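Peer 1: I am attaching a structure below and will ask some questions about it afterwards.
Coordinate-derived values only; no laboratory data. Please read these numbers as outputs of a predicted model, since none were measured by experiment. Neighbour counts run over all protein chains shown; Cβ positions are idealised from the backbone, glycine included.
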Amino acid sequence: MKKILIYTTPYCPFCLRAKDLLNKKKINFTEVDLIKNPEKFDEMIKKSKGARTVPQIFVDDTHIGDCDYIHDLENQNKLDKILR
């Protein structure tokens, strides 16, 4: 099974929307709350090659993108292939 990592902040509507999609698809993921773990912010920026907004989603250490991007992938029927 692939390792899914998502960087988030509480009450971020885009974070909630991305997590809802992953939960709906019954995808297990690890969440890094940047409010509780502010030291991980620089890690996220480095891994995403400069993205500073949340959520940022990774599959097996490959940067997939943000909330809009995973929903675009879902609408194109490409997300399942990436996540599984």
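Peer 1: Within 10 Å of each candidate Cβ there may be at most 14 other Cβ atoms; applying that plus a DSSP loop requirement, which trypsin sites (Lys or Arg not before Pro) in region 1-77 survive? All intermediate terms of the calculation are to be shown ahead of the outcome.
Peer 2: Details: sites: 2, 3, 17, 19, 24, 25, 26, 36, 40, 46, 47, 49, 52; in loops: 2, 3, 25, 26, 36, 49, 52.
Counting only loop positions with at most 14 other Cβ atoms within 10 Å, the trypsin sites (Lys or Arg not before Pro) in region 1-77 are 2, 3, 25, 26, 36, 49, 52.
Peer 1: Another question about this same structure. Within region 1-28, which residues have the backbone N less than 13 Å from the label spot 7 Å out from residue 40 along Cα→beta-carbon, could you tell me?
Peer 2: Inside the label zone: 4-10.
Peer 1: Between the helical axis of 13-24 and the dominant principal axis of the chain, each derived from Cα atoms, what acute angle in degrees is found, rounded to the nearest 10?
Peer 2: 40
Peer 1: Here is a further query. Can you pull out the chymotrypsin sites (Phe, Trp or Tyr not before Pro) in region 8-84 whose DSSP state is coil and whose Cβ has at most 12 other Cβ atoms within 10 Å?
Peer 2: 11
Peer 1: Can you tell me the FRET efficiency between residue 20 and residue 49 if r is taken as the Cβ-Cβ distance and R0 is 25 Å, rounded to the nearest 0.05? If you can, show how the numbers build up before the last one.
Peer 2: On the way: r = 26 Å, r/R0 = 1.04.
About 0.45, to the nearest 0.05.
Peer 1: Under a point spin-label approximation (7 Å from Cα along Cα-to-Cβ), what is the residue 61-residue 1 distance to one decimal in nm?
Peer 2: The two pseudo-label positions are separated by 2.1 nm.
Peer 1: Give me the percent relative contact order of the chain, please, defined on Cα pairs under 8 angstrom at least 6 residues apart. Provide the component values of the computation, followed by the final result.
Peer 2: Working: 109 pairs, mean separation 31.3, N = 84.
Once normalised by length, the contact order is 37 percent.
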